[in-house]
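Participant: This is the structure I have questions about; it appears just below.
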Amino acid sequence: MHPVERKVFLAGPKQDEENLKKILDFIHEYKGLDLSSYRQNFLYRRLRLRIFSTKAKGYFEYINLLKNSPEEYNNFLDALSINVTEFFRDPDVFEAVEKVVLPQLIARKEARGNLSLRVWSSACASGEEPYSLAILIRQSLEKKIAFLVKIWASDIDRHALEKAKKAEYPAQELKNIDSKIIKKYFISCGDNCYRPSDEIRQMVKFQVHNIFQRFPFRCLDLIFCRNLLIYLDRRRSKELFHTFSQLLNPGGYLVLGKVETLWDRGLFVPLNLRTKIYQKVD
Ligand SMILES: C[S@@+](CC[C@H](N)C(=O)[O-])C[C@H]1O[C@@H](n2cnc3c(N)ncnc32)[C@H](O)[C@@H]1O
């Protein structure tokens, strides 16, 4: 254990764990964020560091801080780095989606006369991921106006979703985006502030959703679940692979984070291992 963590050991090890669990229960009840599937060591370690940094004298004082200071709640989320995201995060992944996944998908749909695309960004944080997808899809369908596109974007964190719906992003968050794309798909919303155009925003429907609960839409063509599995244990990840397989159409695509791996083979085959794009087996 790191010396800093040892200092905030609030009582004996058993009592310490119970206290940390109380903080997590509070976060679940009052902030709606259920962290029970996250690896426990990871959570406890980050929590101890937050308690140390805030100089709270015990779990009760830290809970009060979380209650009264939205800033500390944000610091806590930052410490877990669970809300970190950006437009076109890992540009090579989005390039593979644009150059390989979407052309295959669109060609298959056209051949079957089914002109719809159904996409789910399943841990979308503050919206940059689904808006990036909307832009790619809009680009790919430029002249194919008959296609009906639905992008559902969900996250367990209500605060992140509020930001996603508001859709106002500081200019520096657009750093991965080509200036032509910014010109075409973003509008200015004040000093150094941009938002996706109406056309792009209307393509994305946001909703609060815990990924372990039933998702109401099926027959999906593409699921993004990026940078969430890293926090989950194997049992929970396996559960998700099964859910995704059930929700996807045959031949549908699953995109994971670059450091995540679909180790439960059988349901999917890798389309591109470097970018962690998988295809559901028929
Ligand atoms: C690191 S962010 C990933 C954002 C985006 N997918 C990306 O890769 O840039 C992880 C997101 O997972 C969300 N999350 C955590 N547990 C969740 C759950 N059980 N159901 C849905 N979302 C969850 C967090 O709130 C956070 O916004």
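The values are calculated or read from the model by the stated rules, or taken from the named source; none is laboratory data. What you see is a predicted model, and the numbers here were worked out from it, not measured in a lab. Reconstructed Cβ throughout: ideal geometry from the backbone, glycine too, with neighbour counts over all protein chains shown. Remember, those area values only see protein heavy atoms, side chains included, never the ligands or the DNA or RNA. Shrake-Rupley method; radii C 1.70, N 1.55, O 1.52, S 1.80 Å.
Participant: Per-residue ellipticity at 222 nm for the chain, helices alone: DSSP H runs ≥ 4 residues times -39500 (n - 2.57), over residue total, nearest 500 deg cm²/dmol? Intermediate values should be presented prior to the final figure.
Facilitator: Working: 12 runs with 124 residues, N = 282.
Using -39500 (n - 2.57) per qualifying helix, the result is -13000 deg cm²/dmol.
Participant: Just the number, please: carbon plus sulfur as a percent of the accessible area of the chain, 1.4 Å probe, no ligands or DNA/RNA counted.
Facilitator: Summing carbon and sulfur atoms, their accessible area is 50 percent of the total for the chain.
Participant: For region 124-229, which trypsin sites (Lys or Arg not before Pro) pass both filters: DSSP loop (anything but H, G, I, E, B) and at most 16 other C-beta atoms within 10 Å? If you can, show how the numbers build up before the last one.
Facilitator: Numbers: sites: Arg138, Lys143, Lys144, Lys150, Arg158, Lys163, Lys165, Lys166, Lys175, Lys180, Lys183, Lys184, Arg201, Lys205, Arg214, Arg218, Arg226; in loops: Lys143, Lys144, Lys175, Arg214, Arg218, Arg226.
Qualifying residues, ordered by number: Lys143, Lys144, Lys175, Arg214, Arg218.
Participant: Still on this structure: Once phi is turned into ³J(HN,Hα) by the Karplus curve 6.51 cos²θ - 1.76 cosθ + 1.60 with θ = phi - 60°, what whole-Hz value does each residue of region 15-31 show in order, with x for glycine and proline?
Facilitator: Taking θ as phi minus 60°, the curve returns 4, 4, 5, 4, 5, 5, 5, 4, 5, 5, 4, 4, 4, 5, 5, 9, 10 Hz for region 15-31.
Participant: What full-extension length gain, to one decimal in nm, is calculated for Gln15 and Lys99 as 0.36 nm per residue of separation minus the Cα-Cα distance? Each step should come with its number before you reach the end.
Facilitator: On the way: separation 84, 0.36 × 84 = 30.24 nm, distance 5.36 nm.
Once the chain is fully extended between Gln15 and Lys99, it gains 24.9 nm.
Participant: Hey, rough spin-label estimate for Ala111 and Asp34, points 7 angstrom out along Cα→Cβ, what's it come to in nanometres?
Facilitator: 4.0 nm
Participant: How much area per residue is accessible in region 179-282 when the probe is 1.4 Å and only protein heavy atoms are counted (Å²)? Provide the component values of the computation, followed by the final result.
Facilitator: On the way: 5220 Å² over 104 residues.
For region 179-282, the per-residue accessible area is 50 Å².
Participant: How many angstrom lie between the Cα centre of region 201-255 and the Cα centre of region 111-142?
Facilitator: 14 Å
Participant: For a quick check: with amide H placed at 1.01 Å from N, whose amide H comes under 5 Å from Gly252's, ignoring anything fewer than 5 positions away on the same chain?
Facilitator: HN-HN under 5 Å from Gly252: Lys280.
Participant: Continuing with this model, one more query. Working out 0.36 nm times the residue gap between Val208 and Ile145, then minus their Cα-Cα distance, what length gain in nm do you get to one decimal? Write down the numbers at each step before the final one.
Facilitator: Working: separation 63, 0.36 × 63 = 22.68 nm, distance 2.96 nm.
Net length gain for the segment: 19.7 nm.
Participant: Now for a separate question. Please identify the trypsin sites (Lys or Arg not before Pro) of region 45-74 that satisfy two criteria: DSSP loop assignment and at most 10 other Cβ atoms within 10 Å. Which are they?
Facilitator: Numbers: sites: Arg45, Arg46, Arg48, Arg50, Lys55, Lys57, Lys67; in loops: Lys55, Lys57.
Qualifying residues, ordered by number: Lys55.
Participant: Based on the Cα coordinates of the chain, what is the per residue volume of their convex hull in Å³? It would help to have the intermediate numbers written out before the result.
Facilitator: Values: hull volume 39.4 nm³, N = 282.
So the per-residue Cα hull volume is 140 Å³.
Participant: Also, I was wondering about something else. Tell me which lysines have Cα within less than 16 Å of Lys57's Cα, excluding those fewer than 8 residues away on the same chain?
Facilitator: Answer for Lys57, where 16 Å is the Cα cut-off: Lys7, Lys22, Lys67, listed by chain and number.
Participant: So if I place +1 on the C-beta of Lys and Arg and -1 on the C-beta of Asp and Glu, and nothing else carries charge, what would the dipole magnitude of region 91-280 be about its Cα centre? I want it in debye, nearest 20.
Facilitator: 540 debye
Participant: Also: What range in the chain is the longest one free of GluC sites (Glu not before Pro) that are in a loop by DSSP and have at most 15 other Cβ atoms within 10 angstrom? Each step should come with its number before you reach the end.
Facilitator: Numbers: sites that count: Glu142, Glu168.
The longest such stretch corresponds to 1-141.
Participant: What residue among Gln207, Gln139, Gln172 shows peak mean-square fluctuation when the chain is described by a Gaussian network model with Cα springs under 10 Å?
Facilitator: With Cα springs under 10 Å in the chain, the top fluctuation among Gln207, Gln139, Gln172 is at Gln172.
Participant: Treating only the Cβ of Lys, Arg, Asp and Glu as charged (+1, +1, -1, -1), what charge dipole size does region 145-202 show about its Cα centre? Round to the nearest 20 debye.
Facilitator: Numbers: 11 positive and 9 negative charges, 29 e Å.
Roughly 140 debye, rounded to the nearest 20.
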